[in-house]
Amino acid sequence: MTQQRKAEDQWMPPRVYKTKVAYVFQPKSGGKIRLCGLDVAKSLVWMLYEKECASLDNINSVASLFEKFFLSASFIDKAPRTQKDYLGYKKDLLIAFGKMDINKVEPKHVRMFMDKKAIKSGISQANRHKSALQAIFSWAYERGKIKVNPCVGVKKFTEKARDRYVTDVEYQALLDHACPVIYAAAEISYLCMARRGDVERLRKEQLIAEGIYIKQGKTGKKQIKEWSPRLKKAISHANKVNPSISSMYVIHQFNGSGYGANGFRERWVSTMERARKSTGYLMDFTFHDLKAKGISDFEGSLEEKRNAAGHTTTKQTADYDRKTHIVPTVKSRN
């Protein structure tokens, strides 16, 4: 812990602090461990702290395995977005499995964790946590650290594929009520079929003669999105955002820094509310649905759409291709 302790708390073990109801240990590996209530002797707090440290120091514990994995080349080689996701999943996984011996984790334990996580955070989050845990155990299995991967054979929850297509009318309503930040971000996402994170992190140095250079944060795919008059107009809208401020980002805040998820979300919600009140449309789509609209509206075969979107497989592209196609009817014989 980096903050200075109060005089009355100097006796507490390292990385242990008080909440309103308990003493809590926050190990370097991440997560929080409740030691005991506040109405206990100081000696008991130290005893429980040392017990937890001994458990975490166990080289055969899942917590120890996590430490090794997150320092490995396998983790470092993953896309930045994947790394961020895994680090986000780490906390709950350590709470559930951290103290367990790596060879004593069984499929039933994984199933139990998934069921609880689904109730608390939804089936999507349960599936994502399971995928991360399976990848870590797979890494361990390949290196002879465990005998079996306990995640293998544990079924994920069935997720309904999102099929929301943003109509042209809805999209125009969004643009009509958008501030320059949302207007520019929406158009760049739609025209380039780009994720929000790639738009938020877009730097001015990525604007080159041929188009916009984008390395996808999730897949690492490198592409140059060719200039069009409409894409140039989107960049001109971005230039209206705090024009007197020097920034490396195409879309930036008043202090020159890029937009984070929270600041961007506030502007998105405000824009959608204005459009909803003005038009009466539901406006119930997400920013990520704009990428799907771009893929759906892109003219070409599924393979051409895949190449433009930077997907690895056509199945990924098919999930994003949501526009209802008009097909000919059966010709009458009469």
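The values are calculated or read from the model by the stated rules, or taken from the named source; none is laboratory data. On a predicted model such as this, the values are computed, not experimentally measured, just so you know. Note that we place each Cβ from the backbone using ideal geometry, even for glycine, and neighbour counts take in every protein chain shown.
Below are the figures for this structure:
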| quantity | calculated |
| --- | --- |
| Condition met for residue 189 (surrounded by 13 or more Cβ atoms within 10 Å (Cβ to Cβ) and under 28 Å from residue 275 (Cα atoms)) | yes |
| Selection within segment 219-247 - touching a residue at least 24 places away in the same chain (Cβ under 8 Å), surrounded by fewer than 15 Cβ atoms within 10 Å (Cβ to Cβ) and part of a loop (DSSP other than H, G, I, E, B) | 220, 221, 228, 240 |
| Pairs, first of a type in the set (D, E, K, R) in segment 187-205, second assigned to a helix (DSSP H, G or I), C-beta under 6 Å, six or more apart | 187/234 |
| Among the candidates 65, 35, 56, residue that is of a type outside the set (Ser, Thr, Tyr) and modelled with pLDDT under 90 | 56 |
| The one condition in (1) farther than 30 Å from residue 124 by Cα; (2) touching a residue at least 12 places away in the same chain (Cβ under 8 Å) that residue 10 fails to fulfil | (2) |
| Scan of segment 272-325 for residues that are touching a residue at least 60 places away in the same chain (Cβ under 8 Å), part of a helix (DSSP H, G or I) and of a type in the set (Val, Ile, Thr), ordered by number | 279, 295 |
